[in-house]
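In what follows, a structure is listed as structure tokens, so that the remarks can point back to it.
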Amino acid sequence: MTPLGYYPGCSDHGSGRELGMSVHALARLAGVELKEIEDWNCCGATAAHNLSHDLAVALPYRVLALAEAQGLAEILTPCAACFSRLKGTVVRLARSADLAARMRQVTGLEYRGPLRIINVVEFVNRLLAGGLKDKLAAPLAGLKVATYYGCLLSRGENIIEGDDAENPASMTPAVKAAGAQVVPWNFATECCGGGFSMSFTDAVVDLSEQILADARAAGADCIVTGCPMCHSNLDMRQLTINSRGRGPYDVPVLYLTELVGLAAGLGPKELGLDCHFVDAMRLLSRAEPRPA
Amino acid sequence: MAQTETKTAEAAAAFQPRIVAFVCNWCTYAGADLAGTSRLRYPPNVRIIKLPCTGRIDPLFILKAFEGGADAVLVSGCHPGDCHYTSGNYHARRRWALFRRLLDLTGIDERRLFFSWVSAAEGQKFADLVADITEKVRAAGPLEPANPARRRL
Amino acid sequence: MARIGVFICHCGENIARTVDCAAVAAAAAKMPGVVHSADYKYMCSDPGQQMIRQAIAEKKLTGAVVGACSPRMHEPTFRRAAAEAGLNPYLLEMANLREHCSWVHEDRAAATAKAIDLVRVMVEKVKRNRSLYPIRVPIEPTALVVGGGIAGIQAALDIAGGGKKVILVERGPSIGGHMARLSETFPTLDCSQCILTPRMVEAASHPNITLMTYSEVEAVEGFVGNFQVTIRRKAKYVDWSKCTGCGDCWAKCPARKIPSEFDARLGARTAIYRPFPQAVPNKPVIDREHCIMLTKGKCGACAKACQRGAVNFKDQDELVKVKVGAVVLATGFDLWDHSAYGEYGAGKFADVIDGFQFERLASASGPTGGEIRRPSDGQVPRTVVFIQCCGSRDEKVGKAYCSKICCMYTAKHGMLYKHKVHDGRAIVFYMDIRAAGKGYEEFIRRAVEADGVEYVRGRVSRIYRRTDGKLIVRGADTLAGRAVTVEADMVVLADAVVPRSGGEKLAQLFGVGYDTDGFYSEAHPKLRPVETAAAGVFLAGACQSPKDIPDSVAQASAAAAKVLGLFARPELEREPVVARVNENTCVHCRACIQACPYGAVEDHEIRDRKGHLVRTVARVNEGLCQGCGTCVAICRSGCIDLEGFTDEQVFSEIATLE
Amino acid sequence: MSTSEAIRADAARLLAEGRAKLVIGYRARGPHRAPAFVSDPAGVDVLIYDNLCKQNLAVYLRKPEVRSRGPVAVVAPPAVMRSLVVLAAESQLTEATVLAVGPDAYHGVLDLAGAAALLKEKYADLAPSPELLEALAKLDAMSPQERARFWTDQFAKCTRCYACRAACPLCYCARCIVEKNVPQWISTAAAQHGNFAWQIIRAFHQAGRCTLCGACEAACPQGIPLMLLNLALSEEVAKQFGEKPGYDPAAKPVIGSWKPDDDQGFVR
């Protein structure tokens, strides 16, 4: 079986480590080989397009060209921001021969394309369809989940395919397969504050609090996401929110891969569940015992 | 040398292009009528053949006109959406899009084959069009007898 | 042997000033086949026409060419003169020496040369003209009106009032359409039922109108003047000849929780039901999908209750064939389904309702008796948000067009709400206000100024439901340049107007075109707004485009006038300019059939005496052909020709110009 | 098993089972390939298929003497299958049995729908030969006068034998326009103007229908480069209307249908 290309992005080595851990854990379980793109570089997310549109394309272009040269046809980008940049670049290059020629010149690299870029939700759904579903040993019966998409997993014409931007549902099958229940709520696509986490924390606190409040009002036991940026805003900022006398909030925020990993009976440490700010380990007690 | 040039210029000025126009009854024919009632002026080189609709105009008409000595052909009808028969002009538009490629390939280029939409209100457009076409064809000169479309006995 | 007469008109000085008319006449006299040539000062005058008549009679002309003004001006005049002299009018042609020659040229020699050319062309053409006779089609002076809303009712009443028979077909159990569901109407706030129900009763009792409710058009054959229409009368399971409409049956029906279509699903009805108390006819039908007897085989409560024995569970659909001469399509509209708007709750919030639901809430005959109470808990909403352009002017998710009626009815809704809940807030989000109509702008001003409806210019980006039941409406106020959040108790969406479901199938049956949105296409957007490409089929109301009541009624009357005009004569006389297929050489490639804008070219099976199929060819239906000639130019083997503009005629015209 | 052997086996089976009364295929005639008509399962050995088989056998399917034989199967490379699909779209055929061959593989016995599906799947991008493309580009680069001279010379060779028409499966009119004599639009004399009108109209009547099989040019005894005309039109049909004939048996005729946004840049 041809290995699936893997673009870790910066968060894989930093604040979103548990996303990478849980992705790899699921891949191992499903027997899918992930091959990291050698010599990969920054995708340019959040900053590059503010400086130069060409730079915002050139950075992912280099990654795509390298991946292609390394014989990869599909690339998994667990980070939603990286996904958006890479897939957006693939789409734009396919639309404009001029842009492609310019990028060839700028980077000195040849990318023919199109490569297929896969986000973490697509990855999980693919594994489930490929047989992982049958391996889910410890379904999380009774767990109420608020599926949170934010912007990058719900929006972008030709980037997010086959889902409704205003009412996304791509995570629902995986949550259901894990035996958990998707609660109806209002803020699945609201802004978490994104890249302003450091520079404009007040905004992030306000925005993230609204999301947390609505999830709690909807009766969710936890929030599930697929984006490291959303995750850090919702998970880490609960402490800030609480310290400002709001809340208090105590809502575990999980990656979709962690949720499915738990359902598959993987160890919490293997999934990085112990890395969270808000204790997520306690969700384990809610899971039904593994059948003997 | 100078004498030859003068002669050529004289010949060009003396050359009266023969232009056959195939027009629809409802728009361009009426537009030409309006040019008349408005007393506009255009060169007397055009001969109008009236059809009910551009949809009726067979490429054979154009070939026949060129064969018989026309230096240029104009096909004109209602603007898209205004066809008296709702879609005859759309059918015609497709036909001409392809037919003109064929004629261009065989040497009858865009200086000799013209297409236009002229509505019943566009008398001025019709007059300007005929003037412009006459000018262009005069510049291009007669469709030479060696042209494959010409009758050569 | 051709004997052609040529008549050159001076048109006073109009032609003669630039064209040497005598020279033209002299040149014409030498043209082959010309036996008579003359010029005269005013050919269209009585003496001029007399010259033509006399020459036709004396010289036994077989054709005539009048060189004068544009045929668009005087062709009928000269053709009439020819006919009076015994020459078939289609054997006279005109050369346009005025508009196309004398008026546009200055050089006398060149203009005269051109005039001679123009006459020569027409002489050659007219030699190949054939006597043509108007096509006469008998007309069945009965009209079919499809759709029993206000447009259909109006068209039917007008046609019936003109003394012609009408068959009014309605899909539902009652006529009245959407108008019967409305509370009050803009811009006068008349009670909708009060102005409509007398019309409904009049339609039902008019001696010239046959009402066929609970019926649908199944098949159509024929053409203008002679349509054969098959109508499916759906099984009502109630014998209306026995039924008195007393209501004992529906009082006893145990299936009581069926959402009422009439009340926009806000109320319930029984399985045996009349859609509303003022229904016409005021008799029930059984909804076979929900009837316990018809689905489970047990019940029969209504049959037991009926003292007249009118209930008949064995009733069957019936196919009725009718012959009509003209058709009015008045199938109306539906509201677009706003569940496509995920940001407005994807249709899942009970208190986010559409315009019809609000009409029913505001209607005295509605499920709340006219009190504005929200669907979820029956509370009176204190803040109501109205959102215009929901699905309209939105190419991405909804429709590109403006639905036209929403600005007005939203203002009306705001007003009605304020009239009933004085201390409540009515907030309207709008993109633009389009109030072009008599008294319309004034009506909007009244809503704002007298009734205090608050208008916010901007779109709503999201509606969500807080756990306390409040609907949080977030949007933009683009005039103030700020984001707005409203805590609302109910939201009313002005959904786009879309054509009635099933409209495309009906259009195909009648050969009527429709646009990408499904609205029926008129024959010409400016000059033939109620006709369609299918001769004898007319349009009324919102099936053509979004329309309010006055526009629908106006168009219905226009359609009725067209029908009465058509029926004013026993026969339809049509220009004989039609296409004909040479069936000997046709190979049935079907290009002409697919190209004809009127569906006038049909498959025709040639059979031998025993009825075996020999081959299939194309054949032109003269009743439908309008004579554009598109099929003629498309036929590769030259098997089709167009009377009046035959290949031979055009060929000779071109050849003459050599 | 080679393609030829596979064809023979299938042909024998179709004939033996009565699914075909006649199999039309190719046979060797010296260094050339000629059509073969086999009605006896024992006679299938003459059938061969290789890259020399160029003739478009679809032309026989409309001939009455072939049709009267009962069900016919035909050895069909992609070009032939496309012709059959066009014939179906023009209601000239309702059904067909083909022994589908490609340059790379033998696809077995297919019906019309199967052939259309195969074409779409495997042969959606049949490109004209580079030589032909180059020749057209060269012609397009000439001045109008040069082009006119080129065709004057070419058409002067035409003897009006109509082999081009006879070889084309889509030239199926019962009475060709050139034989219509009232009026005689196209002179039948082998002279300049008649030749021009004939060749132009022949090409134009193929617009949106021609599958570029090359049979007309191959049949021309005078070597007139008819494919230049066909290719120019085919390219235009693809470019302007996005149509590629011979893939959809339910396709509407390109000339005979329209879209509101068809290009009209050339109309003033």
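Every number in this text was worked out from the coordinates using simple rules, so none of it is lab data. These numbers were taken from a predicted model, which means no experiment stands behind them. For neighbour counting, all protein chains shown are included, and Cβ atoms are generated from backbone atoms with ideal geometry for every residue, glycine included.
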What aspartates and glutamates could a cross-link reach from residue C:41, if we take a straight Cα to Cα line under 13 Å and drop same-chain neighbours fewer than 8 places away? C:13, C:20
Test item: C:141-154 mean partner chain Cβ contacts at 10 Å: 0
List the lysines whose Cα lies under 16 Å from the Cα of residue C:348, skipping any in the same chain that are fewer than 8 positions away. C:470
Plugging the Cβ-Cβ distance of residue A:13 and residue A:97 into 1/(1 + (r/R0)^6) at R0 = 51 Å yields, to the nearest 0.05, a FRET efficiency of 0.90
When C:122, D:227 are arranged by how many other beta-carbons sit within 10 Å of their Cβ, fewest first, they go D:227, C:122
Need one value for D:141-153: mean number of C-beta atoms belonging to other chains within 10 Å of its residues' C-beta atoms. 5
With the contact rule set at Cα under 8 Å and sequence spacing of 6 or more, what percent relative contact order holds for the range A:135-286? 28 percent
Neighbour counts of other C-beta atoms within 10 Å: give me A:92, C:80 arranged from fewest to most. C:80, A:92
Ranked from fewest to most other Cβ atoms within 10 Å of their own Cβ, C:583, D:236 fall in the order C:583, D:236
Calculated FRET value between residue C:648 and residue B:37, using beta carbons and R₀ = 45 Å, to 0.05: 0.90
Zone reached by a paramagnetic label modelled 7 Å from residue C:321 Cα along Cα→Cβ, restricted to the range C:130-170 with backbone N below 17 Å, covers C:140
Under 10 Å, Cβ to Cβ, from residue C:626 - net charge with Lys/Arg +1 and Asp/Glu -1: 0
Degrees between helix A:228-243 axis and first principal axis of chain A (Cα, 0 to 90, nearest 10): 40 degrees
In terms of the ratio Rg/(2.2 N^0.38 Å) built on C-alpha atoms, what value belongs to the range C:274-336? 1.56
Specify the residue with the greatest mean-square fluctuation among A:151, A:275, A:192, computed from a Gaussian network of chain A linking alpha-carbon atoms under 10 Å apart. A:275
Peptide A:210-216 - average C-beta neighbours from other chains (10 Å radius): 1
Between residue A:106 and residue A:135, how many nm apart are label points set 7 Å from Cα along the C-beta direction? 4.0 nm
Intensity falloff of the range C:511-642 expressed as log10 I(q)/I(0), Debye formula with alpha-carbon point scatterers, at q = 0.16, 0.17 Å⁻¹: -0.89, -0.95
For chain C the mean separation of alpha carbon contacts under 8 Å (6+ apart) over residue count, i.e. relative contact order in percent, is 13 percent
With a ≥ b ≥ c the root eigenvalues of the C-alpha gyration tensor of the range C:328-475, is it rounded (a/c under 1.5), prolate (a/b larger than b/c) or oblate? rounded
In nm, what is the difference between 0.36 nm times the number of residues separating residue D:191 and residue D:16 and their Cα-Cα distance? 57.8 nm
The farthest towards the positive end of the charge dipole of the range C:168-318, of the residues C:219, C:271, C:284, given +1 on Cβ of Lys and Arg and -1 on Cβ of Asp and Glu, is C:271
What area, in nm² and to one decimal, does the C-alpha convex hull of chain A cast on average over all directions? 14.7 nm²
Whole-Hz ³J(HN,Hα) for each residue in the range A:29-42, computed from phi via Karplus 6.51 cos²θ - 1.76 cosθ + 1.60 with θ = phi - 60°, x for glycine and proline: what do you get? 4, 8, x, 9, 8, 9, 10, 5, 5, 6, 6, 5, 10, 4
Whole-number D in µm²/s for chain D (Stokes-Einstein; Kirkwood sum over Cα pairs; 10 °C, 1.306 mPa s): 80 µm²/s
In a Debye calculation with equal point scatterers on the alpha-carbon sites of the range A:99-167 and no solvent, what is log10 I(q)/I(0) at q = 0.12, 0.17, 0.24, 0.28 Å⁻¹? -0.57, -0.89, -1.14, -1.20
Along each principal axis, Cα extent of the range A:189-258, largest first, Å: 29, 23, 18
Unsatisfied cross-links (Cα-Cα over 31 Å) in the set C:234/C:404; C:283/C:505; D:21/D:122; D:21/D:239: C:234/C:404; D:21/D:239
I'd like to compare C:219-227, C:644-652: which one has the highest average count of other Cβ atoms within 10 Å, and what's the full order after that? C:644-652, C:219-227
State, to one decimal in nm, how far the label point of residue A:163 lies from the label point of residue C:608, with both points 7 Å from Cα in the Cβ direction. 6.8 nm
Measure out, as a whole number of angstrom, how far apart the alpha-carbon centroids of the range C:599-658 and the range C:478-525 sit. 41 Å
Against the longest principal axis of chain D, how steep is helix D:112-122, in degrees 0 to 90 to the nearest 10, with axes from Cα atoms? 70 degrees
Looking at chain D as a GNM with Cα springs under 10 Å, which of D:132, D:99, D:229 has the largest mean-square fluctuation? D:132
Considering the convex hull of the alpha carbon atoms of the range A:4-120, report its projected area averaged over all viewing directions, in nm², one decimal. 6.8 nm²
Charge dipole of the protein assembly as shown about the Cα centre (unit charges at C-beta), most positive-ward option of C:21, A:90, C:81: C:81
Between residue C:527 and residue C:449, what length in nm is gained on full extension when 0.36 nm per residue of separation is reduced by their alpha carbon distance? 24.1 nm
If you fit an axis through the alpha-carbon atoms of helix C:71-84 and take the longest principal axis of the Cα set of chain C, what angle between them do you get, 0 to 90°, nearest 10? 60 degrees
Please give the length that would be gained between residue C:288 and residue C:312 if that part of the chain were fully extended, namely 0.36 nm times their separation in residues minus their C-alpha to C-alpha distance (nm, one decimal). 7.4 nm
Report the normalised scattering of the protein assembly as shown as log10 I(q)/I(0) at q = 0.07, 0.08 Å⁻¹, calculated by the Debye formula with identical scatterers on the alpha carbons. -1.06, -1.27
In debye, nearest 20, what is the charge dipole magnitude of the range C:248-305 about its Cα centre with +1 on Lys and Arg Cβ and -1 on Asp and Glu Cβ, if you could check? 220 debye
Which value in nm describes the separation of the simple spin-label points at residue A:242 and residue C:191, placed 7 Å from the Cα toward the beta carbon? 6.3 nm
Of the convex hull enclosing the alpha-carbon atoms of chain C, the direction-averaged projected area in nm² is 39.7 nm²
Going through the cross-link list C:164/C:323; C:526/D:259; B:50/C:30; C:165/C:323; A:133/A:176, which pairs have a Cα-Cα distance over 18 Å in this structure? C:526/D:259; B:50/C:30
